[in-house]
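Trainee: Below are the structure tokens for one structure; questions will follow.
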Amino acid sequence: MSTIADLPRQQFQSDANRTANDAPRRAAVRRALSNYQTARDRTGATFTDWKSARASAATIKHEAVNHLDRYLEEFEQKFTARGGKVFWATDSKQARDYILNLAKEKGVRSIVKSKAMTGEEIHLNEALIKEGYAVVESDLGEYIQQLKGEPPYHFVFPCMHLRRDEISDLFHRELGTAKTDSPEELTMIARNVLRRAYVDADMGISGGNFIVADTGMISITENEGNARLTVGLPKIHVALIGIEKVVPCLADLALFLPMLATAGTGQHLTGYNSMYGGPRQPGEIDGPEEFHVVFLDNHRTRLLADPEQRDALHCIRCGACLNVCPIFKNIGGHTYGTTYQGPIGSVITPHFRGLEDWKHLSGASSLCGACTETCPVGIDIHHHLLHNRRNAAAQKPAAGEQLLWKAFSFLMKRPALYRLATKFAPLGGLLHPLVEGTAMDPVASWTATREFPAAPQGSFRERFRAHKAAKAELVKKGGVQ
Amino acid sequence: MNQNRGDREAILGRVREALREEAPLKHPAERSAGGEPTTAHFREWLPPVGASIDERFALFAKLSESLRTELHLCADMAEVSAFIKKLAEEGNWKTIALHTGELISPLILELPPQLSPLLLQSGYDKDELEACDAGLTECDLLVAQTGSVCVTSKSAGGRVLSVLPPHHIVVARKSQLVTDLTEAYASLATKYRDAYPSMISFITGPSRTGDIERILVLGAHGPKRLTVLLLPS
Ligand code: SF4
């Protein structure tokens, strides 16, 4: 995104500055999110008791995540008994290599994908395309982002930042279709391209919303039907899924599916909620011959090892915390520079990719608590951001900063020296114009958006003393009664 | 066959190591007398449905309307046949894909002569199915609380028939209507026991997307229209 992006923090800062000033883009995002809010409020109000439902969802996820080993093994046993295969990947590379090898071994040529944030996480598409496979994203929003060559803007609404005329121009340029400003016509253009992709593909790759332990199933939630087709038509199905996505029982979904829909999009239930327990079974008409589930760790166990923040793994990726976040609304999804944007992304990314490089995300919050309030599984999101700030501060601060604080305390402990220093403050004001706007400007980040105040002539103590002297003079003259 | 299970032991080891210290339970849920929260409780918190079959049906009809599922009551099989014939004429259909079943099989003979059936039995040609104008299936259940049609790879002619053709028609009986997802899962468990079909899918309205400016468009991939023809119990 950014031109000077070396460090994640620099990229974040420069993208935040740019997007916060892009008023039309922000207006589009706000409009989309206000539609969401209306729908969510309406559906949420039909619940008899949202709070209890939420406490129960949190309790079930707590049970699942705190006995993760047991449930993953239970899933594996049930799933493999029905002909499925489970592969356990420690990191991105291991997961990618497994899928690449599988594709090679089976003589796969073209691949259709339904939405999987885990795929973004391990950069699966790039790897597959590099090896010569045709890979098509089938979720409309993901398809648009793929054509645009851009990562998703929001992990539930991938192209929410684009206006229809931008999408029309994109289709015109990439597909040669006529321009239109009808969302319906744009959707039909994609529909026609994608229907061929399902029929032609010999491998379908999906993510998964839930790993159901007791029946050995993967549950996938979607609105379009693209995932149904992705795992229905090709002869091989690969589901790439994070190890934390477990629920103990199939019946638990009776709670989670309506809550995911309500929090995620404001629907009673998302268009298609499908549970897949193995490849095509004897006597069935169709379905893949092979079904591989790839369990992805990729540092999830690092977060698991932190009892204080373990509940961040309860996340069902509904996206609600992004939708209500004042920071997300202003800086947008790409600024985060992460696979998972918004408040929950700011909590988990430092665990996944290292606190030192990603601690700045903990500051991308007003601590208003809207995220915590809205989360359907009751994750203490904004407190976790505070925990990350605390943990970052406990790490050794940068050398420059240390020096600055040392100098400050040296000065503050020596009144005479301090008085001397304040005498020279106006001098700084005089010298500042010489460096203003250059890389040498020590207060550049302040002056980029505001005026730097001029240092007053004389300190408070000097002025107070002068004032007292003048008053004494007046009394002496009898001017004051 | 590939027997490689990857880092199974290492990952399970890391999980067990990580879990040695317990995490606090921040949201203790309501529990029934001394027990774990049970799925029966979900009903007390989720949107209410009503106890009687009439209330259930009224809610299913109301949700169908807002989801743009076309729900029609049919007095008997003859009416179902007539309705399909009418849809076929209006849509100028040439082929309809379907599977055999208690409710569907009798309909095959009654199809209008200009409409040729593609009967899915074992394998089928993907291109042929893709070119069909409609798909006709049965289902396992209808869910009042969410306005959903529950199909499985066993009840609805496999995985794809209910989602590839642009118009999906479901024939069902009113007795298949259950209260909520909790009842649906319980009923599936009784019906299939340990031999679940490889796919269970709750279909809630025709295929839809809001990806462009969050504006609703029907028929993103699969069915642009979903019709439920409901027979008496
Ligand atoms: S943290 Fe909560 S609100 Fe945010 S995406 Fe996850 S489940 Fe949804």
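Trainee: Mind checking which residues of the range A:215-239 are among the hydroxyl-bearing types (Ser, Thr, Tyr) and at the interface with another protein chain (Cβ under 7 Å from one of its Cβ atoms)? Please lay out each step first, then the result.
Mentor: Filtering the range A:215-239 down to residues among the hydroxyl-bearing types (Ser, Thr, Tyr) leaves A:215, A:219, A:221, A:230.
Residue satisfying the conditions is A:215 alone.
Trainee: While we're on this one: Of the residues A:27, A:16, A:5, which is modelled with pLDDT under 95, surrounded by fewer than 16 Cβ atoms within 10 Å (Cβ to Cβ) and within 30 Å of residue A:126 (Cα to Cα)?
Mentor: A:5
Trainee: Considering only residues that are in contact with a strand residue (DSSP E or B) (Cβ under 8 Å, 6 or more places away or on another chain) and among the aliphatic types (A, V, I, L, M), look in the range B:175-208 and name the one that is surrounded by the most Cβ atoms within 10 Å (Cβ to Cβ).
Mentor: By that ranking, first place goes to B:203.
Trainee: Looking at (1) buried (at least 20 other Cβ atoms within 10 Å of the Cβ); (2) free of Cβ contacts under 8 Å to residues at least 60 places away in the same chain, can you tell me which one residue A:51 breaks?
Mentor: Just one mismatch for residue A:51, condition (1).
Trainee: Next question. So which of B:70, B:36, B:17, B:44 is modelled with pLDDT of 95 or more and either under 22 Å from the mean Cα position of the chain (by Cα) or more than 30 Å from residue A:94 (Cβ to Cβ) (or both)?
Mentor: Result: B:70 is the single residue among B:70, B:36, B:17, B:44 that is modelled with pLDDT of 95 or more and either under 22 Å from the mean Cα position of the chain (by Cα) or more than 30 Å from residue A:94 (Cβ to Cβ) (or both).
Trainee: Being part of a helix (DSSP H, G or I), surrounded by 23 or more Cβ atoms within 10 Å (Cβ to Cβ) and away from the ligand (no atom under 16 Å from the Cβ) narrows it down to one residue among A:301, A:262; which is it?
Mentor: After applying the criteria, what remains is A:301.
Trainee: Please go through the range A:387-433 and give me each residue that is exposed (fewer than 14 other Cβ atoms within 10 Å of the Cβ), more than 29 Å from residue A:462 (Cβ to Cβ) and touching a Leu at 6+ places or on another chain (Cβ under 9 Å), ordered by number.
Mentor: A:395, the sole residue that qualifies.
Trainee: Say whether the condition of being within 15 Å of the ligand (Cβ to nearest atom), modelled with pLDDT under 90, assigned to a loop (DSSP other than H, G, I, E, B) and more than 14 Å from every other protein chain (Cβ to nearest Cβ) is met by at least one residue in the range A:353-364.
Mentor: yes
Trainee: Then there's this: With the checklist (1) more than 8 Å from the ligand (Cβ to nearest atom); (2) among the β-branched types (Val, Ile, Thr); (3) under 14 Å from residue A:323 (Cα atoms) in hand, flag the one item residue A:349 doesn't pass.
Mentor: Here residue A:349 clears every test but (3).
Trainee: Sticking with this structure for a sec: Where the second residue is in a helix (DSSP H, G or I) and within 16 Å of the ligand (Cβ to nearest atom) and the first is over 14 Å from residue A:323 (Cβ atoms) and lies in the range A:151-172, which pairs have Cβ atoms under 7 Å and are six or more apart or on separate chains?
Mentor: From the range A:151-172, the pairs are A:151/A:120; A:152/A:120.
Trainee: Okay, next question. Restricting attention to the range A:81-108, which residues are among the polar types (S, T, N, Q) and within 7 Å of another protein chain (Cβ to nearest Cβ)?
Mentor: Once the filter is applied, which keeps residues that are among the polar types (S, T, N, Q) and within 7 Å of another protein chain (Cβ to nearest Cβ), the range A:81-108 yields A:90, A:94.
Trainee: Suppose we filter the range A:117-150 for residues that are surrounded by 22 or more Cβ atoms within 10 Å (Cβ to Cβ), assigned to a loop (DSSP other than H, G, I, E, B) and out of contact with any strand residue (DSSP E or B) (no Cβ under 6 Å at 6 or more places or on another chain); how many remain?
Mentor: Matching residues across the range A:117-150 total 2.
Trainee: Still on this structure: Which fully enclosed helices (runs of 4 or more DSSP H) of the range A:30-116 have 1 or more residues being under 18 Å from residue A:289 (Cβ atoms)?
Mentor: Numbers: elements: A:50-66, A:68-81, A:92-105.
So the answer is A:68-81, A:92-105.
The values are calculated or read from the model by the stated rules, or taken from the named source; none is laboratory data. Just so it is clear, the model here is predicted, and its values are computed rather than measured. Note that each Cβ is placed from the backbone with ideal geometry, even for glycine, and that neighbours are counted across all protein chains shown.
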